[in-house]
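See below for the structure under consideration.
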Amino acid sequence: MSDRNSGRIRGSGQRRRKASARRRAATVVAWSAAGLVLVGGSGLGYVYFKLDGNIRGVDINAMLGRDRPANVDNGSEDILVLGSDSRAGANASYGKSDGTNGRSDTAMVVHVYKGHKTASVVSIPRDTLVDRPDCTDSKGNTIPGQQLSMFNAAYEVGGPACAVKTVEQMSGIRMDHYIEVDFTGFKKLINELGGVKITTAQSIDDPKSHLKLAAGTHTLDGEQSLALVRTRHGVGDGSDLGRIQLQQAFIKALIEQVKSIGVFSSPKKLYDLADTATKAITPDSQLASVNALIGFADGLQHLGAKDVHMITLPVRYDPADPNRVLALPAASQQVWTALKQDKPIPASVTRDSAGDKGAAHSVVSGD
């Protein structure tokens, strides 16, 4: 079976310019998760045991069993950072709940190199057509695989475990951890940090995301940050691939913001930040405790924005449908091979990628 032909838009030859509110908003989730993953440090060290009650874990290992890539113990780590567009609870204002898992409209593979002093991040566009494997959902039901299925549908039909299994099949790399974040948690996290300072090279006016910024330097609060990483109509070529470029610039600014604030001088601020962060994430069961998160964060404390290399998986637009993208086989394989071997991703892999032509590279930068 294939969902390649569902919802096609033919004839215009134009990249998609319109998207539902749930899709526009969902991209923020994974990028806020990346901030939690990459900022590192021992900021979670000053917490009370009751914070364990904030954390809801998901047992990926039990759900996937043994049908996975080999667990290579070379000192590196691979983390799938996922954003769902669930409309439960406080997230309801970003769209109507349909009772499903939602979709993973943004996903990133974060590879932390041996020594934990550098990392590479590979963004997987939500509309990438992939061969989704058979999956087992949280209720034990078998979800049949599908050829040329949109990547973000894996989470929708099979939840976190199916998303992990799909990434592992694509890459041949076993994910050591899984982290998911929600919209409300993202906004609260940014506000607890005191906002994130960014510089825009041009004005941004996007009525879809409700973001309006003049060119110059701004300190964005949680709502503005959410709007920025949802924005695509007001910058570049209006594509989702261009929006990923904005998100990558924002996450680097977020990393630097966390590194620069004085949370250690204020026990209350440190506790409030830890409280917000532990409520914002849904990690795999191996990270589902304060002590586990402390150890995980301590291992990343030396990472700064300059130490993190971000790319979009090399793709091209599907000739049959401008709403979909296809991975460039040779270039994508180079990406995954480099990470498997714990080596830097060659700069040449994105040379022919549509994801490197979103025209939003220099619109936003950290300050």
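The values are calculated or read from the model by the stated rules, or taken from the named source; none is laboratory data. Keep in mind that what you see is a predicted model, and the values were worked out from it rather than measured. When we count neighbours, we look across all protein chains shown, and the Cβ atoms used for this are built from the backbone with ideal geometry, even at glycine. Please note that ligands, DNA and RNA were not included when accessible areas were found on the heavy atoms of the full protein model with its side chains. Shrake-Rupley method; radii C 1.70, N 1.55, O 1.52, S 1.80 Å.
Structure summary
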| read-out | value |
| --- | --- |
| For Ser289, solvent-accessible area (1.4 Å; no DNA, RNA or ligand), Å² | 40 |
| Sites Arg68 and Lys259 - FRET efficiency at Förster radius 35 Å, r taken between beta-carbons, to 0.05 | 0.55 |
| Across Lys117/Lys269; Lys187/Lys212; Lys117/Lys259; Lys306/Lys343, pairs whose alpha-carbon gap is larger than 25 Å | Lys117/Lys269 |
| Set of aspartates and glutamates with alpha-carbon distance to Lys340 below 17 Å, sequence-local pairs under 8 removed | Asp73, Glu77, Asp78, Glu168, Asp176 |
| Ranking by accessible area, most exposed first, for His233, His302, His116, His210 with a 1.4 Å probe | His210, His302, His233, His116 |
| Reach of Lys268 by Cα under 17 Å, taken over aspartates and glutamates that are not fewer than 8 positions away in the same chain | Glu192 |
| Spacing of the two label points (7 Å from each Cα toward its C-beta) at Lys114 and Asn54, in nm | 3.6 |
| Extreme residue, positive dipole direction of the range 277-360, given options Ala354, Asn291, Val308 (C-beta unit charges) | Ala354 |
| Local net charge near Ala280, Cβ-Cβ under 9 Å (Lys/Arg +1, Asp/Glu -1) | +1 |
| Solvent-accessible surface (1.4 angstrom probe) belonging to Lys117, in square angstrom, nearest 10 | 140 |
| Distance between modelled label sites at Ala214 and Gln301, nm, 7 Å Cα→Cβ extension | 4.2 |
| Heavy atoms of Val58 accessible to a 1.4 Å probe, total area in Å² rounded to 10 | 30 |
| Cα convex hull volume per residue for the range 149-205 (Å³) | 189 |
| Lys/Arg +1, Asp/Glu -1 at C-beta; the range 118-215 dipole; positive extreme among Met175, Ile198, Val122 | Ile198 |
